[in-house]
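Readers should treat all values here as calculations from the given coordinates under stated rules, not as data from a laboratory. Keep in mind it's a predicted model, so treat the numbers as computed, not measured. In this analysis, Cβ positions are derived from the backbone assuming ideal geometry, glycine residues included, and neighbour counts consider all displayed protein chains.
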Ligand code: SF4
């Protein structure tokens, strides 16, 4: 029997709506949902491969437990008993603070991954928390925190209304966008051109997005911070700063400071360093200032670099100076449906990093996280506070963090390791217990994080498309681990975890005079929540307390989970709206254009201008059929352009006398990679994608292992970081290139 079910795609940040075909109890196909209010039928090859990913025979269906050194299948009861026993032993002997937790970025794409890991980290009381954020977007968080007082006050380009878009270090035609949730990003860029708008792309490679642009600027990798500072310089020097900053000057501190700082970064000062003619930088600044509306959007190429936080900050400094912050067509603050309803403007506590430091290298925490680059040393360096046990949730840091070889060895040394993961991969092969969550078809979907990055406010929910195949869902798996950590025991009722969160949240809300449920009885509100699994009750609570919610009956037309379920294609919540000054939480209650920590770090950037250029610099890249290391085990996605090759300019290849394969040597090691001539890449720049290197023993990744590629992150020895955010340098690594022999 054939049926269909609607499901938001969990494979990238675009959150497209899918229509799944279901036959004989399994998903057999996926196409775009034309009625989806956000994606309107758009789909890419990854979403179209939902069935293959869901049915991948290498997905684990039963837990694995290490016995006599060998991972073997076990029942769920056996596996949880081992977790209770062994994790309990480590906590009893060394304390919860000795347990390290690593969260991979698929957690942002699952309900359970969004709701439960914070409870586990809090219950352990550990400061050894790591995630893919310090391999990705942490610089943006830190910059936002210092400027706006909230590290999650994301600014996104208003793609549907802008007249001029500048894309730096991103290739949305291939990635479909990131930190700007926009289904059919490619279509939106084409629509921009069609309505007479302009597109500038800043990228060392002539990417597919650059091909579409009116202007392509190809700087040396890692120099975006200097280039952006020069744009700021021109805006001041040529009197191009927007009058009254486009109407928000009353909320902005630090204009004189930024003017004075930018004085040391004229286009002529930075031109050689960036490898960009000064005239091109001046033209960019003039175009930005002249456009009726404009948005500067920076992504991974401005983030995972030596000056990642400075670059992320300067992106929004330019948006502010050109009068484009918080206005239609510029960059705006989305308002997601599951965040607390906005409160009246007020001064906040501000944002700080470095409230504690990592044990071995003394890196400052950022958002309560230690850099992923420090994970190996925190495990393999003896001493007080050493990590004794690890919990990894949907993460593969052996491939995604720097110096995976060291981490690979270090993980063998922990006393106990649990992985909540569907695959036996490069990281989970070290686990003592692997707990595989059900496939996406059996899991619910709600974008707790990505809704707050959407370029158009919306809300959608997908209940599980198929019933569970007999195993617990991911919420129950994580809840049971939480019950062990909180001392309740593995046999406790998992719903206790959700009940506790609901009770705590409602107590806080009802005590807040500005809450939509101020002074109401908690019991009354709890009784109004939808009946169903704990995660649905929590989601219902969050929606009802949120900006569009029914405030538990006080706004009868407002959002509830029941109402959302009655709209299976989603609910359009309208275009982005201005949110200043309500969103600000700095101590001054204003935007800090020139926060002191960033001003201080600008000196480091200034000093870098005189540095000799490296002969070759490595950058990464995204592929349409891949997302990090997730997609390499699906035959339908393993071919085409999704290949782990070293892209190089043909003239560089000829000059070095290279044949088919090159040796790439970086500070952390060397790899051999097949060469792919790429006329569009800047000379002196080479590109290898990340997430590859599936060549270790003891995994169950049949397709990926057959074409393993090489692990590019091995080239960073773990010491190359953006010091402001602790984010690993994964773009702009100096390398030597030589013939393979
Ligand atoms: S663009 Fe992203 S969300 Fe959309 S179908 Fe592709 S992988 Fe899924």
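Please sort 520-533, 315-328 by packing, taking for each peptide the average over its residues of neighbouring beta carbons within 10 angstrom, highest first. Could the numbers behind the result be given before it?
Details: 520-533: 14.6, 315-328: 25.1.
Those peptides, ordered most packed to least, come out 315-328, 520-533.
In what order do 346, 665 fall by count of nearby beta-carbon atoms within 10 Å, going from fewest to most?
Details: 346 11, 665 16.
Lowest to highest Cβ neighbour count: 346, 665.
Regarding segment 384-493, what are the three Cα extents along the principal axes, ordered largest first, in Å?
46, 39, 28
Evaluate 2.2 N^0.38 Å with N set to the residue count of the chain, then give the Cα radius of gyration divided by it. Working shown, then result.
Working: Rg = 24.9 Å, N = 741, 2.2 N^0.38 = 27.1 Å.
Computed over Cα atoms of the chain, the ratio equals 0.92.
Quick one: compute the contact order of the chain, relative version, from alpha carbon pairs under 8 angstrom and 6+ residues apart, as a percent.
On the way: 1737 pairs, mean separation 145.2, N = 741.
RCO, the chain: 20 percent.
Tell me, in nm to one decimal, what length is gained between residue 527 and residue 670 on full extension, where the rule is 0.36 nm per residue of separation less the Cα-Cα distance?
Values: separation 143, 0.36 × 143 = 51.48 nm, distance 6.01 nm.
Gain on extension, residue 527 to residue 670, equals 45.5 nm.
Obtain the nm distance between the two label points defined at residue 26 and residue 582 by a simple spin-label model: each point lies 7 Å from its Cα along the Cα-to-C-beta direction.
So the label points at residue 26 and residue 582 sit 4.8 nm apart.
At 0.36 nm per residue, minus the direct Cα-Cα distance, what do residue 347 and residue 596 gain on full extension? Give it in nm, one decimal, please.
So the extension gain works out to 87.9 nm.
Give me the compactness ratio for segment 257-363, meaning the Cα radius of gyration over 2.2 N^0.38 Å.
Details: Rg = 17.8 Å, N = 107, 2.2 N^0.38 = 13.0 Å.
This ratio for segment 257-363 stands at 1.37.
Using helices alone, I'd like the mean residue ellipticity at 222 nm for the chain: each DSSP H run of four-plus residues gives -39500 (n - 2.57), total over residue count, nearest 500.
-8500 deg cm²/dmol
Quick one: plug the Kirkwood hydrodynamic radius of segment 446-587 (C-alpha pairs) into Stokes-Einstein at 25 °C, 0.890 mPa s, and report D in µm²/s.
Values: Rh = 17.0 Å.
The calculation lands on 144 µm²/s.
With a 10 Å Cβ neighbour count serving as the proxy for reagent exposure, in which order, fewest first, do 220, 460, 59 appear? Don't jump to the answer; show the numbers that get you there.
Working: 220 21, 460 25, 59 18.
Ordered by Cβ neighbours within 10 Å, fewest first: 59, 220, 460.
From the Cα trace of segment 281-339, what convex hull volume per residue do you get, rounded to a whole Å³?
Details: hull volume 6.0 nm³, N = 59.
Given the Cα convex hull of segment 281-339, per-residue volume reads 102 Å³.
Please list 227-236, 566-575, 383-392 highest first by mean number of surrounding beta-carbon atoms within 10 Å per residue. Mind dumping the intermediate values first?
On the way: 227-236: 25.2, 566-575: 15.6, 383-392: 20.4.
Going by the mean number of other Cβ atoms within 10 Å, highest first, we get 227-236, 383-392, 566-575.
So, in Å, what gap is there between the alpha-carbon centers of segment 152-183 and segment 370-436?
Cα centroid to Cα centroid, the span is 33 Å.
Note the full-extension length gain between residue 567 and residue 603 as 0.36 nm times their separation in residues minus their Cα-Cα distance, in nm to one decimal. The partial results should precede the final answer.
On the way: separation 36, 0.36 × 36 = 12.96 nm, distance 5.27 nm.
Taking residue 567 through residue 603 to full extension adds about 7.7 nm, to one decimal.
Indicate, rounded to the nearest 5 percent, the antiparallel portion of the DSSP beta bridges found entirely in the chain. Kindly include the intermediate steps, with their values, before the conclusion.
Working: 44 of 83 bridges.
The antiparallel fraction comes to roughly 55 percent.
What ranking do 332, 542, 138 get, fewest neighbouring Cβ atoms within 10 angstrom at the top? Could the numbers behind the result be given before it?
Values: 332 27, 542 22, 138 30.
Exposure proxy ranking, most exposed first: 542, 332, 138.
Return an integer: the convex hull volume of the alpha-carbon atoms of segment 603-695, in Å³ per residue. Could the numbers behind the result be given before it?
Working: hull volume 13.2 nm³, N = 93.
Expressed per residue, the convex hull around the Cα atoms of segment 603-695 is 142 Å³.
I need two numbers for segment 55-130: Rg to one decimal and Dmax as a whole number, Cα atoms only, in Å.
14.5, 41
If r is the Cβ-Cβ distance from residue 355 to residue 287 and R0 is 45 Å, what FRET efficiency results, to the nearest 0.05?
Details: r = 41 Å, r/R0 = 0.91.
Calculated transfer efficiency: 0.65.
Modelled label-to-label distance, residue 405 and residue 97, 7 Å Cα→beta-carbon offset: nm?
3.4
Points 7 angstrom from Cα along the Cβ direction at residue 491 and residue 660: gap in nanometres?
Each label point is offset 7 Å from its Cα along the Cβ direction, giving 6.2 nm.
Return the whole-Å distance between the Cα centroid of segment 486-537 and the Cα centroid of segment 86-105.
27
Give the dimensionless ratio obtained when the Cα radius of gyration of segment 635-741 is divided by 2.2 N^0.38 Å. The partial results should precede the final answer.
Details: Rg = 14.7 Å, N = 107, 2.2 N^0.38 = 13.0 Å.
Ratio of Rg to 2.2 N^0.38 Å for segment 635-741: 1.13.
Evaluate segment 498-572: find the radius of gyration of its Cα atoms, find its Kirkwood radius, and give the ratio Rg to Rh. If you can, show how the numbers build up before the last one.
Details: Rg = 11.8 Å, Rh = 12.4 Å.
For segment 498-572, the value is 0.96.
Over all directions, what mean area does the Cα convex hull of segment 83-175 project, stated in square nanometres? All intermediate terms of the calculation are to be shown ahead of the outcome.
On the way: hull surface 35.3 nm².
Projected over every direction and averaged, the Cα hull of segment 83-175 covers 8.8 nm².
So what's the convex hull volume per residue for the Cα atoms of segment 530-599, in Å³?
In segment 530-599, the Cα convex hull volume per residue is 172 Å³.
Using only C-alpha atoms and all pairs of different ones, pull out the Kirkwood radius for segment 360-431 in Å with one decimal. Kindly include the intermediate steps, with their values, before the conclusion.
Working: mean 1/r = 0.0798 Å⁻¹.
Over segment 360-431, the inverse of the mean reciprocal pair distance is 12.5 Å.
Take the Cβ-Cβ distance between residue 195 and residue 250 as r, set R0 to 41 Å, and report the resulting FRET efficiency rounded to the nearest 0.05. Can you show the working numbers first?
Values: r = 32 Å, r/R0 = 0.77.
Computed FRET efficiency for residue 195 and residue 250: 0.80.
Please report how far the C-alpha centroid of segment 264-292 lies from that of segment 36-53, rounded to the nearest whole angstrom.
39
Within the P(r) computed for segment 106-248, what percentage of the Cα pairs occupies the region above 26 Å? Walk me through the intermediate numbers first.
On the way: 4012 of 10153 pairs.
Result: 40 percent of Cα pairs exceed 26 Å.
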